[in-house]
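J.: Shown below is the structure under consideration.
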Amino acid sequence: MQLNVLQELRHNLGAVTTYDVTEPSVRFEDSELKGVSGTLTLLRTDRGLLATLKLQASASERCARCLVEADCPVEMEFEEEFMAVVNPNTGARVRLSNDEETFRIGPDFVLDLREPIRQYGLMAEPAKPLCRPDCAGLCPTCGSNLNEGACGCAPVVDERLSVLAGIDVTDEKGK
Ligand SMILES: [Zn+2]
Ligand SMILES: [Zn+2]
């Protein structure tokens, strides 16, 4: 997820280079992307390189229904400009304004994709990840994982309906 881009920075404005990206695992402080594959395009801009990255990977997520950890597919696509802090031809330091929130290519000319991948990965995380689309979830009575088979509890929905049949439930609404 890090590559030396000195060559790319020495290209003419508008030059495009494309790379295949594959990485068995990209680890972050509290998460990990596995089976990362995708395409990186670098376009030479007047200030650095415009990186377009399309990635597919999988991330371990806790299923919203059955609470089991499962690998969920993650897709991300982003375009970010990386600004070079050193002129690749002259070696002169480039003055970048500090209040500009951009990714930077340091004096070593290494373009580091980890931080944008981490940021976009967080956004790409599903709000309600499921271990599989038809996950049966947990039994509300005994907590058994219903994906592993029926637990033998009486069907809850019917029970509740019969209990509530004679009661006015409007006051309970919204709770
Ligand atoms: Zn599940
Ligand atoms: Zn049960």
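The values are calculated or read from the model by the stated rules, or taken from the named source; none is laboratory data. On a predicted model such as this, the values are computed, not experimentally measured, just so you know. Counting neighbours? That spans all protein chains shown, and the Cβs are built from the backbone with ideal geometry, glycine included. Calculation scope for accessible area: heavy atoms of the full protein, side chains included, ligands and nucleic acids excluded. Shrake-Rupley method; radii C 1.70, N 1.55, O 1.52, S 1.80 Å.
J.: Identify the GluC sites (Glu not before Pro) of segment 27-104 meeting these criteria: DSSP loop state and at most 10 other C-beta atoms within 10 Å of the C-beta.
T.: Values: sites: E29, E32, E61, E69, E75, E77, E79, E80, E81, E100, E101; in loops: E29, E100, E101.
Of the GluC sites (Glu not before Pro), the ones in loops of segment 27-104 whose Cβ has at most 10 other Cβ atoms within 10 Å are E29, E100, E101.
J.: Same structure again: Would you mind calculating the relative contact order of the chain from Cα pairs under 8 angstrom and at least 6 residues apart, reporting the percent as a whole number?
T.: Values: 292 pairs, mean separation 31.7, N = 175.
Contact order relative to length: 18 percent.
J.: Nearest 10 degrees is fine. How inclined is helix 114-124 to the longest principal axis of the chain, computing both from alpha carbons?
T.: Around 30 degrees separate the two axes.
J.: If each of L96 and E79 carries a label point 7 Å out from its Cα toward its Cβ, how far apart are those two points in nm?
T.: If labels sit at L96 and E79, their model points lie 2.0 nm apart.
J.: How large a share of the accessible area of segment 16-111, in percent, is made up of carbon and sulfur atoms when the probe is 1.4 Å and the other protein chains stay in place?
T.: Working: 2480 of 5570 Å².
Its accessible area is 44 percent carbon and sulfur atoms.
J.: Looking at segment 16-55, what % of the alpha carbon pairs are farther apart than 10 Å?
T.: On the way: 556 of 780 pairs.
Here the tail beyond 10 Å accounts for 71 percent of pairs.
J.: When the helices in the chain are scored as -39500 (n - 2.57) per DSSP H run of 4 or longer and the sum is shared across all residues, what 222 nm value do you end up with, to the nearest 500 deg cm²/dmol? Present the calculation step by step, with values, prior to reporting the outcome.
T.: Working: 3 runs with 24 residues, N = 175.
-3500 deg cm²/dmol, from helical runs alone.
J.: May I ask for the distance between the Cα centers of segment 49-67 and segment 83-127, given as a whole number of Å?
T.: 21
J.: Next question. If you average 1/r over all unlike Cα pairs in segment 41-104 and invert the result, what Kirkwood radius do you get in angstrom?
T.: Values: mean 1/r = 0.0679 Å⁻¹.
Averaging 1/r across every pair of different Cα atoms and inverting gives 14.7 Å.
J.: Between D134 and T39, take the C-beta separation as r, use R0 = 30 Å, and let me know the FRET efficiency to the nearest 0.05. Spell out each step's value before the answer.
T.: Numbers: r = 32 Å, r/R0 = 1.06.
For D134 and T39, the calculated efficiency is 0.40.
J.: Let me ask something additional. Please compute the length gained on full extension between A150 and E23, using 0.36 nm multiplied by the number of residues separating them and subtracting their Cα-Cα distance.
T.: Details: separation 127, 0.36 × 127 = 45.72 nm, distance 3.98 nm.
Difference between extended and current length: 41.7 nm.
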